[in-house]
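Reading through the structure tokens given below for one structure.
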């Protein structure tokens, strides 16, 4: 199985066209404010939906097999907020090393939020 990790904010040089595109979107934001979510030439509300076919072609998948989401750290928070239900001795979370510091903080904060002790309940392997 081939895996692809796509994280545009952390890898590679700035693409030449990016600066101009960002300036266009900043201009739309300045002119339309919140209206840009639906009325911009590239409506912000539709980005994740509209980009799925392109991303699917890039990774060799079908559009219904890909998701455009938040950063890994935000996704960890959402996942753990919903599904981490520590009970009795079943409260440990395993993470691999090396791990991004922000991801470790996300897991630690979720453990603490549920009344646990990150120094005891967070197990780093590797």
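Just so it is clear, none of the values below were taken in a lab; they were calculated from the coordinates. These numbers were taken from a predicted model, which means no experiment stands behind them. As a convention, Cβ positions derive from the backbone with ideal geometry for all residues, glycine included, and neighbour counts pool all protein chains shown.
Just a few scattered comments:
- Remark: the residue 51-residue 16 segment gains 10.6 nm on full extension, using 0.36 nm per residue and subtracting the alpha carbon distance.
- Length available on full extension from residue 69 to residue 99: 0.36 nm per residue minus the Cα-Cα distance, which gives 8.8 nm.
- Note on segment 16-65: the alpha carbon radius of gyration divided by the globular reference 2.2 N^0.38 Å gives 1.36.
- The angle between the Cα long axis of helix 47-59 and the longest principal axis of the Cα atoms of the chain comes to about 80 degrees, rounded to the nearest 10.
- Order of 108, 71, 102, 119 under a 10 Å beta carbon neighbour criterion, fewest first: 119, 102, 71, 108
- Sorted fewest first by neighbouring Cβ atoms within 10 angstrom, 77, 49 come out as 49, 77.
- Per-residue ellipticity at 222 nm, computed for the chain from helices alone with -39500 (n - 2.57) per DSSP H run of at least four residues, works out to -15000 deg cm²/dmol.
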